[in-house]
Amino acid sequence: MIYFTFAGNHDDLKPDDTLGALFNIYASFKDSITDVYILVSPTNLKTKVSYKKIADKNRSRILSINPKVNVNLIPIELTNPVEFNVVYPRLLVTIQDIIQKAKIEGEKKIINITSGTPTMSTCWVLLQQSGIIKNAELIQSFEPAYAREKGKSYQVVEFPTDDFPKVTAPDSIKAELTALKRESDHLKERVTNFDLKESIPLLIGSSPPIKEVKEQITQDIDQTTHVLITGERGTGKEVVAQSIWQRYKKEQDKELTTRDCSVFAEGLIASEIFGHKKGAFTGAVENKVGIIESCNGKMLFLDEIGNLPITAQQNLLRYLSAGQIQITGGDTKDVQTQIIAATNKDINDFQIFAQDLKDRFDEVIHLSPLRERKEDIPDLINYFLNRSPKATILKKEVIDFLLEHDWPDNVRGLEKWISSLMRKFKNGGEIALSDIPERYKKDMEVKEEDVDDYLPDLPLPVPLQPDYVELIREKARQIANGKSSEVDKLLKQNPGTEKQRQYNKRKN
């Protein structure tokens with residue numbers, strides 16, 4: 001009898017003499033088995049599990065029982081042991097090669113479908129039921145507790161023949177080419193993902209939306225491209241801007257110049273962005289270079305561009321179109337500043353966003369909210385945990401708990417929650433769900449009220465007086481007990497806006 005099996009994670013022989021499926025099935029058929037073929041996949045680089053060592057241990061134990069049995073260790077190159085398009089063609093080629101060379105097509109065979117990944121088990125079933133592996137039985141091994149209940153350590157798995165359509169094996173050359181093609185495609189995809197991760201290290205995640213953003217940054221942008229980044233608050237628009245700057249910055253560009261458009265004084269926006277000439281308006285006692293001109297030959301990040309008045313947006317539109325700025329009280333001037341802008345506003349709402357402004361940007365990058373790319377959450381968690389000086393691990397139950405949350409504040413909300421958790425568990429270690437105080441869980445369960453529900457429609461019917469605006473800010477400070485971050489949240493400002501405003505007041 002011929003015995004086919006993979007070496008799996010649970011086949012590692014333990015000191016307590018617990019048997020894995022590989023050896024358990026052999027022991028059950030030891031009097032009939034003459035040849036054993038143990039298929040050995042490559043070492044798992046993540047878990048460091050060596051399937052070669054596991055196979056060697058089982059081979060030694062089998063030979064200790066019957067030195068006459070032929071135990072063959074067969075390497076099988078699998079770039080991904082859970083991907084069907086990789087496992088099936090490679091297993092097909094390997095088994096056909098063994099059967100042909102050993103001339104065992106008509107011999108009775110048993111196949112271990114317990115060891116290895118579920119994908120491997122599925123492939124064994126297909127090969128046996130289709131008749132590619134002839135005269136073979138599928139054997140399932142039971143764990144000790146279940147074996148005691150069943151009164152046996154294994155069972156023969158049978159399927160009604162009508163459940164399986166007839167499948168014929170391709171010729172060996174075609175099968176080998178198919179296997180190589182699928183493995184090549186898989187390797188190319190892995191290399192591409194690795195290249196994207198290495199080239200855009202600040203942008204964490206490998207979901208399709210994040211992969212598309214990384215591809216836009218690496219393939220659709222150069223040192224002259226004006227880029228608009230859209231997305232909800234906290235999705236990582238500034239991270240994208242930093243990634244673009246790191247990849248395409250010019251030699252003289254030592255840091256990314258960033259301006260928050262929501263903090264410009266209302267009457268001086270044009271002057272701040274485009275500059276002014278002396279005497280252009282009351283108080284213009286000297287020439288002023290605007291921020292676009294000051295970044296000539298470099299890159300400028302304009303955050304919250306949607307907070308600019310329509311007139312300022314239209315002036316920016318003209319610069320994006322012609323490369324010229326209109327200096328207040330002066331002439332136009334040619335400037336070569338690469339603009340990266342970001343907004344959480346609806347760029348299709350022409351009451352908020354100047355018509356055609358979005359079309360003047362060469363490239364628009366959209367960042368999806370975290371709730372639409374939850375597969376990125378484990379990577380983000382690891383990234384934030386790695387900031388801690390102490391090794392910290394969240395158990396799977398905690399990660400599953402975090403995956404259930406919709407994260408209305410997106411990546412910023414997740415970062416804040418993890419940072420708070422690390423302050424609580426400052427000594428690191430493994431954290432279980434039961435270790436986390438209830439207040440952490442309740443904070444996540446409470447849905448935040450949408451401030452937009454209490455705000456008037458924009459644009460306002462009349463402009464607000466500066467004194468009235470300051471009264472609103474002061475009320476927010478009272479509610480927030482002077483905490484700048486809470487003021488920013490109440491007024492729907494970018495983080496750091498209130499802190500900067502207070503600093504400017506002290507400076508003046």
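Quick note: the coordinates plus some simple rules give every number you see, no bench work behind them. All of these numbers come straight from a predicted model, not from anything done at the bench. Because the Cβ atoms are built from the backbone with ideal geometry, glycine has one as well, and the counts that use them run over all protein chains shown.
Output wanted: per-residue J couplings in Hz (rounded whole) for the range 81-96, from phi through Karplus 6.51 cos²θ - 1.76 cosθ + 1.60, θ = phi - 60°, x for Gly and Pro.
Using θ = phi - 60°, the values come out as x, 10, 9, 4, 5, 9, 5, 4, x, 6, 5, 4, 4, 5, 5, 4 Hz.
Rounded, prolate or oblate: which one fits the range 315-416, using the alpha carbon gyration tensor with axes a ≥ b ≥ c (rounded when a/c is under 1.5, else prolate when a/b beats b/c, else oblate)?
Prolate.
Spin-label point model (7 Å from Cα, Cβ direction): what's the Phe401 to Thr224 distance in nm?
It works out to 5.4 nm between the two label points.
How do the peptides 429-438, 365-374, 381-390 rank, highest first, by the average count of neighbouring beta carbon atoms within 10 Å per residue?
On the way: 429-438: 12.5, 365-374: 18.5, 381-390: 14.8.
My ranking of the peptides, most packed first, is 365-374, 381-390, 429-438.
Could you state the number of Å between the C-alpha centres of the range 55-122 and the range 296-371?
62
Binned at 10 Å from 0, what are the whole-percent values of the Cα-Cα distance distribution for the range 223-366, short to long?
12, 43, 35, 9, 0
Using a Förster radius of 45 Å, what is the FRET efficiency between Glu372 and Ile65 based on their Cβ-Cβ separation? Nearest 0.05, please.
Working: r = 56 Å, r/R0 = 1.24.
Efficiency at R0 = 45 Å is approximately 0.20.
Order the peptides 470-480, 118-128, 74-84, 299-309 from the highest to the lowest mean number of other Cβ atoms within 10 Å of their residues.
Numbers: 470-480: 13.4, 118-128: 19.6, 74-84: 16.2, 299-309: 22.4.
Ranking, from highest mean packing down: 299-309, 118-128, 74-84, 470-480.
Return the distance in nm (one decimal) between the two label points of a simple spin-label model at Gln502 and Arg247, each offset 7 Å from Cα along Cα→Cβ.
That separation, rounded to one decimal, is 3.8 nm.
GluC sites (Glu not before Pro), restricted to the range 192-291: which are DSSP loop and have at most 14 other Cβ atoms within 10 Å?
Details: sites: Glu198, Glu212, Glu215, Glu232, Glu238, Glu251, Glu255, Glu266, Glu272, Glu286; in loops: Glu232, Glu251, Glu255, Glu286.
Here the sparse-neighbourhood loop sites are Glu251, Glu255, Glu286.
Could you calculate the contour length gain from Lys103 to Tyr383, that is, 0.36 nm times the residue separation minus the distance between their Cα atoms, to one decimal place in nm?
Details: separation 280, 0.36 × 280 = 100.80 nm, distance 5.33 nm.
Length gained, Lys103 through Tyr383: 95.5 nm.
Label points 7 Å out from Cα along the Cβ direction at Ile479 and Phe159: separation in nm?
Going from the Ile479 label point to the Phe159 one covers 6.2 nm.
Between Val157 and residues 5 or more places away or on another chain, which pairs have amide H atoms under 5 Å apart, with H built 1.01 Å from N, and which residues are they?
Counting only residues 5 or more places away or on other chains, the set is Leu138, Ile139, Gln140.
For Thr282 and Asn44 in one chain, what is 0.36 nm times their gap in residues minus the Cα-Cα distance, to one decimal in nm? Don't skip to the answer; put the middle values down first.
Numbers: separation 238, 0.36 × 238 = 85.68 nm, distance 7.14 nm.
Separation in residues times 0.36 nm, less the Cα-Cα distance, equals 78.5 nm.
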